[in-house]
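To start, the structure under review is shown below, and the notes come after it.
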Amino acid sequence: SLALDSARRFDDPRGTFYSLLGLGKVYFEDDDSAKALITLNQSLTVAKRLNDFNAQAASLDSLGRVSDYLGDIRAALDDYREALTIENRLDNPESHTETLNKLGGIYFELGERREALGTYRNALSIAVESGDVTERARLYNNIALVLDTLNARRAALSYCRLALSLWQRTSEMAEEGRTLNNIGFLYHKMGANRRALIYYERALLIAQHMSD
């Protein structure tokens, strides 16, 4: 790219980093994951030379997304763990929470349910302290998902209701509808079909409203 060529020509390592990171993200969005991995690893190398922890965490986060997409779960796990180690040095609760949330998702994919639950709960404590309503709602839903797989459905239902109360305070109608569906699904699994219908119908109304 012109920006990358310019940054390299003028020996601008920070400019080079941002160009490589941007290129890597674009390659990934354009379904060229092989190029994305190469370019993002190059951005990580530059970030380490700069001794810039924020830049390193950003590269690792993007690498984790690509590895997860490619089904290389162990590589994604390593990327997110390394990002988390770096973020522990930084005062950035939002990125810390997001990385923990992604890490919890990786543990869940690996079938490590208890590890996923603990990771989500660690992220939740940070999100509550920082006042991040959106991330709290996501985490409540994720915790509910894990609890459901552990057959703790009443506890899962409680977390879904907490998520719902938060989504209703935001403009995220799609997330509200998704949570209503989750509650309906849990009630259905518990044999409470009439209650399940109520929540499914509410979710359907939101979906229809959004499609108008």
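The values are calculated or read from the model by the stated rules, or taken from the named source; none is laboratory data. Keep in mind it's a predicted model, so treat the numbers as computed, not measured. Backbone-built Cβ (ideal geometry, glycine too); neighbour counts: all protein chains shown. Surface accessibility is based on the protein's heavy atoms, side chains included, excluding ligands, DNA and RNA. Shrake-Rupley method; radii C 1.70, N 1.55, O 1.52, S 1.80 Å.
Inspect all residues belonging to region 34-50 and state whether any of them is out of contact with any Phe, Trp or Tyr (no Cβ under 6 Å at 6 or more places or on another chain) and assigned to a loop (DSSP other than H, G, I, E, B).
Within region 34-50, none of the residues are out of contact with any Phe, Trp or Tyr (no Cβ under 6 Å at 6 or more places or on another chain) and assigned to a loop (DSSP other than H, G, I, E, B).
Give region 21-33 a look and list any residue that's charged (D, E, K, R) and in a helix (DSSP H, G or I), or say none.
Quick first cut of region 21-33, residues charged (D, E, K, R) only: 25, 29-32.
Once the filter is applied, which keeps residues that are charged (D, E, K, R) and in a helix (DSSP H, G or I), region 21-33 yields Lys25, Glu29.
Residues to consider are Leu147, Leu180; find the one that is in a helix (DSSP H, G or I), farther than 20 Å from Ile106 by Cα and not hydroxyl-bearing (Ser, Thr, Tyr). Show your work before the answer.
Values: Leu147 fails: farther than 20 Å from Ile106 by Cα.
So the residue among Leu147, Leu180 that is in a helix (DSSP H, G or I), farther than 20 Å from Ile106 by Cα and not hydroxyl-bearing (Ser, Thr, Tyr) is Leu180.
Condition test on Asp148, is it more than 13 Å from the chain's Cα centre (by Cα) and in contact (Cβ under 8 Å) with a residue 40 or more places away in the chain? Quick ask: steps written out before the conclusion?
Numbers: more than 13 Å from the chain's Cα centre (by Cα): yes; in contact (Cβ under 8 Å) with a residue 40 or more places away in the chain: yes.
Yes: the conditions hold for Asp148.
Which numbered condition in (1) open to solvent by 60 Å² or more (accessible area, probe 1.4 Å); (2) in contact (Cβ under 8 Å) with a residue 12 or more places away in the chain is the only one that Ala174 fails?
(1)
Considering only residues that are open to solvent by less than 30 Å² (accessible area, probe 1.4 Å) and within 18 Å of Tyr27 (Cα to Cα), which ones fall in region 39-79?
Passing the criteria: Thr39, Leu40, Ser43, Leu44, Ser59, Leu60, Ser62, Leu63, Gly64, Val66, Ser67, Ala76.
So which pairs qualify, if the first residue must be in region 91-103 and more than 23 Å from Arg74 (Cβ to Cβ) and open to solvent by 60 Å² or more (accessible area, probe 1.4 Å), the second must be part of a helix (DSSP H, G or I) and not β-branched (Val, Ile, Thr), the Cβ gap must be under 7 Å, and the two must be at least 6 apart or on different chains?
Short answer, once both residue conditions are applied: Glu94/Ser130.
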